[in-house]
Amino acid sequence: MTTETNIHRESRLVKLRNLQEKGYNPYPYVFKPNAYAADLQAKYKDLEPGADTDDRVTIAGRAMAVRNNGMFIDVKDKSGKIQAFCHKNHLPEEDLERLKNLDVGDIVGISGYIRRTPRGELSIAAEKFDIISKSLQALPEKFHGLTDVEARYRQRYVDFIMNDDSKEVYRKRCAITSAVRRYFEDHDFLEVETPILHTIMGGASAKPFITHHNTLDMDLYLRVAPELFLKRLVVGGFDRVFEIGRNFRNEGIDKNHNPEFTALEAYMAYADYNDMADLISDMVGYVAEKVLGTKQITFGENQIDLSKPFPKKSIIDLIKEHAGIDLLAAEDVEIAKEMAKSIGVDASACSSWGKVVQEVFDAKVEHLLIQPIHVMDMPRDISPLAKTHRSNPRLVEHFDTYIGGMEMGCAYSELSNPLEQRERFEAQVAEREAGDDEAQMLDEDFINALENGLPPTGGMGMGIDRLAILLTNSATIRDVIAFPTLRKKD
């Protein structure tokens, strides 16, 4: 805490004691406003300058500016801002004394009548003034302009107080989640909840967080994905299920990644990945229209059209188009590495042909995919939970959706053959034993569930945070998460 901050806090503590010594509680149990700034601004928009009314209201909000020793206060509530006019002709003596202890940042409650000042400012002429939460911290004068950008994320509550843009982004993010939920409910999906603590790490290739349960004396993994439990529910007869919830991956932090994030996953029996491609295209457009009122959006410098079904193109064909090599012609991983090297991509650390394909795609193609597209038919050896492609055994029926140069989500024709699933898991176990700590584990109970019969099923997953980045035109995942993970301040 800086010396300047200490001085401001001491001054506020003195004012707090002044209030308390007079028997006043500046932290009351309840306060009931009956009007909000935006509604008042709309209702009295035609009130003439200098006009008074007999209409009396009670408002509550934060004092964002105090002028003329408290005669004029800009009060900001959840809807907007309105001016309070606190004059000695209208306020009781005790309220005027209380007003002397007001600071910018205090939360106030004001009752009075509606008027418009001769200068044209809609105001509440205060007849009752209360401080209902005394702020002990001084607000920054221009928080949005701080050179230390991380301060906005460390004290997000201050960012939201001072920066209406940040608040609006977060409101939209909440609306996006609500619209996603409404879309799936309208399409007869059941919202479910599955465990976050897993005994076996599975459902995605990722490094997990590990915790310990004292009573059971066992290590548990925070889930990296809910997939295996959701498919168990489909086995159990819940034909359409979805979940919106937190996943945790012990990975790096960048503009598109946070260690804990909100994910959507949905599974539909008697469907395949083509059905999920249609669903994702339709759902993203639906959410954009519900939240933004349009399917034509701006992301960075690009105009993006979400009104049509997203085109499909195989990952192999996209690499051919943008990098000039046909990795399907590579018979093994070493040949694939040489082909990658020939175009300037270092794939020397890749342990399989599929990982080389992914490495080349990430380096040469991903950032070019601005308009929506489903990148189809991923390599089999990097996708252990999807069905083998019906026309090429080196591939699987798995696509990733890209918009704005960013991976938004993925979908599979879900692998339902328990014997093949065991083989895939065993290959993943071999990868783990060879040092790949992102490879999946063998889940015997999940295989047992498949042996009870999983119908043909299409499944999809999407990061809600990524969707929020896109639809709010944000630069980083930190802007759409209320409290992103940060390094320790020291």
Query raised in the report: What do you reckon, how do 306, 216 stack up by accessible area (1.4 Å probe), largest on top?
Result: 216, 306
Query raised in the report: In nm, what is the difference between 0.36 nm times the number of residues separating residue 437 and residue 58 and their Cα-Cα distance?
Result: 130.5 nm
Query raised in the report: When the Cα centres of the stretch 412-490 and the stretch 19-89 are compared, how far apart do they sit, in Å?
Result: 51 Å
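Exceeding 28 Å between C-alpha atoms, which entries from my cross-link table qualify? They are 32/167; 15/43; 167/489; 45/76; 81/489.
Values: 32/167 23 Å; 15/43 36 Å; 167/489 24 Å; 45/76 18 Å; 81/489 34 Å.
Table pairs above 28 Å Cα-Cα are 15/43; 81/489.
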**Report entry** For the chain, the longest site-free run once trypsin sites (Lys or Arg not before Pro) in DSSP loop states with at most 13 other Cβ atoms within 10 Å are removed
**Finding:** 256-389
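Give me the percent of Cα-Cα pairs in the stretch 215-346 that sit more than 25 Å apart, rounded to a whole number.
On the way: 4947 of 8646 pairs.
Beyond 25 Å sits 57 percent of the P(r) for the stretch 215-346.
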Query raised in the report: So for the pair residue 255, residue 29, with labels modelled 7 Å out along Cα→Cβ, what separation do we get in nm?
Result: 5.1 nm
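Averaging the inverse of every distinct alpha carbon separation and then flipping it gives the Kirkwood radius. What is it for the stretch 246-286, in angstrom units? Before the final figure, lay out the partial values.
Details: mean 1/r = 0.0796 Å⁻¹.
For the stretch 246-286, the Kirkwood estimate is 12.6 Å.
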Query raised in the report: Cβ under 11 Å from residue 271's Cβ, residue 271 left aside: what net charge do those residues give with Lys, Arg +1 and Asp, Glu -1?
Result: -4
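Gain in length, residue 190 to residue 332, computed as 0.36 nm per residue apart minus the alpha-carbon separation, to one decimal in nm? Can you show the working numbers first?
Working: separation 142, 0.36 × 142 = 51.12 nm, distance 4.33 nm.
My answer for the length gained is 46.8 nm.
Suppose R0 equals 41 Å; then what is the FRET efficiency for residue 475 and residue 429 from their Cβ-Cβ distance, rounded to the nearest 0.05? Working shown, then result.
On the way: r = 40 Å, r/R0 = 0.97.
Working from the Cβ atoms, E equals 0.55.
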Report task. Quick one: accessible surface of residue 391, probe radius 1.4 Å, all protein chains present, in square angstrom to the nearest 10. Result -> 90 Å²
Query raised in the report: By its C-alpha gyration tensor, with a ≥ b ≥ c as the square roots of the eigenvalues, how is the stretch 256-318 shaped: rounded for a/c under 1.5, else prolate for a/b larger than b/c, else oblate?
Result: rounded
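Which value in Å does the Kirkwood hydrodynamic radius of the stretch 320-378 take, with 1/r averaged over all unlike C-alpha pairs and then inverted? Show your work: numbers first, answer last.
Working: mean 1/r = 0.0855 Å⁻¹.
Evaluated on the stretch 320-378, it is 11.7 Å.
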Query raised in the report: Based on DSSP H runs of at least 4 residues, each adding -39500 (n - 2.57), what is the mean residue ellipticity at 222 nm of the chain after dividing by all its residues, to the nearest 500 deg cm²/dmol?
Result: -10000 deg cm²/dmol
Query - Gyration tensor (Cα) of the stretch 300-353, equivalent ellipsoid semi-axes in angstrom - result: 29, 14, 10
Query raised in the report: Which whole-number percent is the relative contact order of the chain (Cα, under 8 Å, 6+ apart)?
Result: 13 percent
Requested in this report: Order the following by accessible area, largest value first: 351, 383. Probe radius 1.4 Å; ligands, DNA and RNA are ignored.
Outcome: 351, 383
Query raised in the report: What does a probe at residue 117 reach in the stretch 32-62, counting residues whose amide N is under 15 Å from the point 7 Å along Cα→Cβ?
Result: 49-52
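What net charge do the residues around residue 378 carry, taking every other residue with its C-beta under 15 Å from that of residue 378, with Lys and Arg at +1 and Asp and Glu at -1?
It works out to a net charge of -3.
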**Report entry** Spacing of the two label points (7 Å from each Cα toward its C-beta) at residue 151 and residue 94, in nm
**Finding:** 3.9 nm
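Going from most exposed to least, what order do 97, 21, 10 have by accessible area with a 1.4 Å probe? Let's see the in-between values first.
Values: 97 60, 21 145, 10 100 Å².
Heavy-atom accessible area, descending, gives 21, 10, 97.
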Query - Surrounding net charge for residue 459, when Lys and Arg each add one and Asp and Glu each subtract one, Cβ distance under 12 Å - result: -4
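The values are calculated or read from the model by the stated rules, or taken from the named source; none is laboratory data. The structure displayed is predicted, hence computed values, not measured ones. A quick note on method: Cβ atoms are made from the backbone with ideal geometry, for glycine too, and the neighbour counts reach across all protein chains shown. These area figures cover heavy atoms from the full protein model, side chains too; ligands, DNA and RNA do not enter into them. Shrake-Rupley method; radii C 1.70, N 1.55, O 1.52, S 1.80 Å.
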